[in-house]
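K.L.:
This is the structure I want to talk about, given as structure tokens.
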Ligand SMILES: *Cc1c(COP(=O)(O)O)cnc(C)c1O
């Protein structure tokens, strides 16, 4: 580790330059606020028109989705999740941590998104649909004004079966892309990292998806997937580390969240700040949502990313400016965490570049604490999430009790407004976890 150079500097030089790295690499739980927040950024690769374009594409597919996934009928073929108040959980958090969390606490239940039960049902499914639309338009099967429900027939499936889709995944992205691609008729291969849970591989294989397993971590699975896809011109590779399509699929969540908040009579403005806590792996999911939220709410929304103490790739990338030019292993961390959705050692530079001036801060959380939140949330609100999805819960606690959090509130003149604030915890996955696996998680939270 000592001799390796990152962007021309030894690890020790990075450690000297950024003292927080000593805590991060120990690894300790840290709470960090972003000094670049609200500084001017250069021209952005994506705009609000791109988000609208993505939202419109999902609308075009709504009739198809309703037809092939009847569980989406209730939402008229739109994949969206509930936003619910969780006052009992808030109470428990305040008692356990002996502090007050001013404002309302809400849970965004992406855990209960239809089809694949995680936040990946946004980005992953969107990118597959976009690819399918491009092929179908190119072949003259549909026009943009067709009823896309037509795509659910044998002839279209046969066309798609001549094409393949590949992706590298720690689990949930593979689930979304695998299920959606197989439904359309594509041949689909998911390259799974060693962290991927057995039940996720089983679900995919049961749907006819080819699953290739690796002994190594996520970066390797992506690299192999990319390599194999390059060999086959009919193969489309969904690149979690660089995809603007995935990112836009996530970003669509923001305008829909605005509508949900309006329906609940929750204001977001100068006097009513909104805090959002998002579990982060490569950063595409939380990055896309942050990008969208900033378009909707500007400086009135404050977004914090949460990572496991063993996999803080986004935090280190943002803190040091190294972006994706390192992996957490370079800093002596093992990237081993029960939060499989967040077990990522190298961040997406695409996401980092876009959110570097939009992000309020990052923090890390230990696995043990994830289980404790899992247990408490189940007991208080009867909602069951997978470990990754609980990382958000530590956010409001750290914001209120860490000096970095208090300084952030002071610097942005938020202290007096906190009673009128809302905190949204983004619950990113869990409804598809098999019962016996969930019982085991729950038990770990009691230990
Ligand atoms: C993938 C995932 C995330 C994070 O998304 P990234 O795009 O990898 O940052 C968070 N929670 C769960 C459950 C996930 O599967």
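The values are calculated or read from the model by the stated rules, or taken from the named source; none is laboratory data. Source: prediction; values computed, not measured. Cβ placement follows ideal geometry from the backbone for every residue including glycine, while neighbour counts extend to all protein chains displayed.
K.L.:
So which residues in the range 138-170 are assigned to a helix (DSSP H, G or I) and farther than 30 Å from residue 223 by Cα, if there are any at all?
P.N.:
148, 149, 150, 151, 154, 155, 156
K.L.:
List the helices (runs of 4 or more DSSP H) inside the range 224-299, counting only whole elements, that have at least 3 residues being surrounded by 24 or more Cβ atoms within 10 Å (Cβ to Cβ) and within 16 Å of the ligand (Cβ to nearest atom).
P.N.:
In the range 224-299, 244-251, 284-297 are the helices (runs of 4 or more DSSP H) which contain 3 or more residues that are surrounded by 24 or more Cβ atoms within 10 Å (Cβ to Cβ) and within 16 Å of the ligand (Cβ to nearest atom).
K.L.:
In the range 23-123, which helices (runs of 4 or more DSSP H) lie fully inside it and hold 3 or more residues that are farther than 30 Å from residue 154 by Cβ and in the same structural domain as residue 314 (by TED's automatic domain parsing)?
P.N.:
Where helices (runs of 4 or more DSSP H) fall fully within the range 23-123 and carry at least 3 residues being farther than 30 Å from residue 154 by Cβ and in the same structural domain as residue 314 (by TED's automatic domain parsing), they are 87-97.
K.L.:
Here is a list: 394, 384, 373. Which entry is in contact (Cβ under 8 Å) with a residue 12 or more places away in the chain, closer than 24 Å to residue 317 by Cβ and not in a strand (DSSP E or B)?
P.N.:
Values: 384 fails: closer than 24 Å to residue 317 by Cβ; 373 fails: closer than 24 Å to residue 317 by Cβ.
Being in contact (Cβ under 8 Å) with a residue 12 or more places away in the chain, closer than 24 Å to residue 317 by Cβ and not in a strand (DSSP E or B) holds for just one of 394, 384, 373, which is 394.
K.L.:
Could you list, in sequence order, the residues of the range 78-103 that are over 13 Å from residue 383 (Cα atoms), away from the ligand (no atom under 16 Å from the Cβ) and touching a helix residue (DSSP H, G or I) at 6+ places or on another chain (Cβ under 8 Å)?
P.N.:
78, 80, 91, 92, 93, 96, 97, 99, 100, 101, 102, 103
K.L.:
Within the range 180-193, does at least one residue satisfy the condition of being in the same structural domain as residue 234 (by TED's automatic domain parsing), within 16 Å of the ligand (Cβ to nearest atom), out of contact with any strand residue (DSSP E or B) (no Cβ under 6 Å at 6 or more places or on another chain) and more than 21 Å from residue 227 (Cα to Cα)?
P.N.:
yes
K.L.:
Let me ask another. Out of the residues in the range 319-348 that are part of a helix (DSSP H, G or I) and over 15 Å from the mean Cα position of the chain (by Cα), which is surrounded by the most Cβ atoms within 10 Å (Cβ to Cβ)?
P.N.:
Going through the qualifying residues, I end up with 328.
K.L.:
Then there's this: What's the number of the condition residue 205 fails, among (1) in contact with a strand residue (DSSP E or B) (Cβ under 9 Å, 6 or more places away or on another chain); (2) under 23 Å from residue 56 (Cα atoms); (3) without any contact (Cβ under 8 Å) to a residue 12 or more places away in the chain?
P.N.:
All conditions pass for residue 205, except number (2).
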